[in-house]
1. Quickly run through region 267-317 and pick out the residues that are in contact with a Leu (Cβ under 9 Å, 6 or more places away or on another chain) and of a type in the set (D, E).
2. Every residue in region 121-167 that is of a type in the set (K, R) and under 21 Å from the mean Cα position of the chain (by Cα), please.
3. Within region 112-167, restricting attention to residues that are basic (K, R) and part of a loop (DSSP other than H, G, I, E, B), which residue is surrounded by the most Cβ atoms within 10 Å (Cβ to Cβ)?
4. Looking only at region 85-101, decide whether some residue is surrounded by fewer than 23 Cβ atoms within 10 Å (Cβ to Cβ) and without any contact (Cβ under 8 Å) to a residue 40 or more places away in the chain.
5. When the residues of region 168-189 are narrowed to those that are hydrophobic (A, V, I, L, M, F, W, C) and part of a loop (DSSP other than H, G, I, E, B), which ends up nearest to the chain's Cα centre (by Cα)?
6. Test each condition in (1) surrounded by fewer than 13 Cβ atoms within 10 Å (Cβ to Cβ); (2) of a type in the set (G, A, S); (3) modelled with pLDDT under 95 for G267 and report the one that comes out false.
7. Of the numbered conditions (1) closer than 30 Å to R106 by Cα; (2) modelled with pLDDT of 95 or more; (3) surrounded by fewer than 24 Cβ atoms within 10 Å (Cβ to Cβ), L249 satisfies every one except a single condition; which is it?
8. Name the residue that is surrounded by the most Cβ atoms within 10 Å (Cβ to Cβ), counting only residues in region 305-355 that are under 20 Å from the mean Cα position of the chain (by Cα) and charged (D, E, K, R).
Amino acid sequence: MLSDDEIASAVLDGFGGFLDEHHDLARRRRVRETAPGYSPALWRRFAAEGWLGSRAGEREGGSGLSAHAAGGIAQLVGERLVPEPYLAQGLFPLITLLHADEGASRASAMEGLLGGQSRIAVAWQERPGAVEIAGNLRTRLSKEGGRWRLDGEKTFVVGGGAAERLIVLAADGAGTPHLLLIPSDAEGVRIADQRQIDGTTAATICFSSAPVADDMWLQTGSASALDGALTEVRAMLAMQLLGIARAALAITIEHAKTRQQFGKPIGSFQAIQHRLVDYAMRIRLSEALCVKALKAVDGDDADRAKSLAAAAKLSAAEAALVVTRGGIHLHGALGYTDDADIGLYHVAALVLAPWLGNTEALTVHLLNLNELAA
């Protein structure tokens, strides 16, 4: 039987081969100008080849990989700048559904997601910088004439404009949280999609007396499914940011070997070498923390996993921003042009770094978690 590390290596090889055949940075540049900013056809290929179902068990039609083994997919999504929303519309809804109450709505959503026919976005955030599920949710459920209605607003719903279904976090009159599965074209749902600087989109979604039918309840009386999903996806996001940092460093090293100043490659200057070593050390330290977070996700201590995922995300986001920004600096004016690949990676890092918690909010969150554990 293969060890988890061997499986992780095989996943990297397999997904890398898939990307070699179907993706390059030229495609990234092409699709960012289109709606929805990626290829729906390739998204279906993701599903057909099993990449979307990597974390689902065999009973659900997936391959049942550990978080540690599946982390390689997220890393390569970052390294290759894959525009398809593997985390936002793949893993995030998948993990939420896996832990939701069993029922017809969950089964239907899982089938559509894993088959690539249905795109699902998670609408949970109500305030900029939100890190965890708020205690005083403003998205509310109310019962009128025997029917439930939904009112409120969700912000920064990545991929929300292209989704057919929305997993929505809301509270009833008593403040009890629930998870709902709402069709994006339902009555009382209004979506304002906004394109981000890297070509991806994020939406603000308003619910105005939107009807909630009996088959739209995913988890009643709790939002634990979403809480667990946030932890895992934050750890996977750290891996994606780590991939961005690794690729950016490789691009910058190659540039330092060929760029000439004073008759020598700039990579021969000690000051440049020291800077590149500093970037490499940041990446190595972040990588160790990312792996530790993913293994904690696979473990039984949810609080430890939550803390390590937050720490990994902070570390990887900083590494991606520092390395891509430094790479642009070492490229000179060329680094600011659209033709320079390093600029694509920097823009991706700028968009992904604040998702699921910016530096300030996530630092406070991590400190609070550590105080509770003390």
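The values are calculated or read from the model by the stated rules, or taken from the named source; none is laboratory data. Keep in mind it's a predicted model, so treat the numbers as computed, not measured. Here the Cβ is made from the backbone with ideal geometry for all residues, glycine too, and neighbour counts use every protein chain on show.
1. Answer for region 267-317, where residues must be in contact with a Leu (Cβ under 9 Å, 6 or more places away or on another chain) and of a type in the set (D, E): E287, D303.
2. R127, K154, R165
3. Step one: filter region 112-167 for residues basic (K, R), giving 119, 127, 138, 140, 143, 147, 149, 154, 165.
In the following step, the residues that additionally are part of a loop (DSSP other than H, G, I, E, B) were identified as 119, 127, 138.
Details: R119: 22, R127: 11, R138: 13.
Ranking the candidates gives R119 first.
4. No: region 85-101 contains no residue that is surrounded by fewer than 23 Cβ atoms within 10 Å (Cβ to Cβ) and without any contact (Cβ under 8 Å) to a residue 40 or more places away in the chain.
5. A186
6. (1)
7. Unmet for L249, out of (1) closer than 30 Å to R106 by Cα; (2) modelled with pLDDT of 95 or more; (3) surrounded by fewer than 24 Cβ atoms within 10 Å (Cβ to Cβ): (1).
8. Restricting to residues being under 20 Å from the mean Cα position of the chain (by Cα) and charged (D, E, K, R), the top hit is K313.
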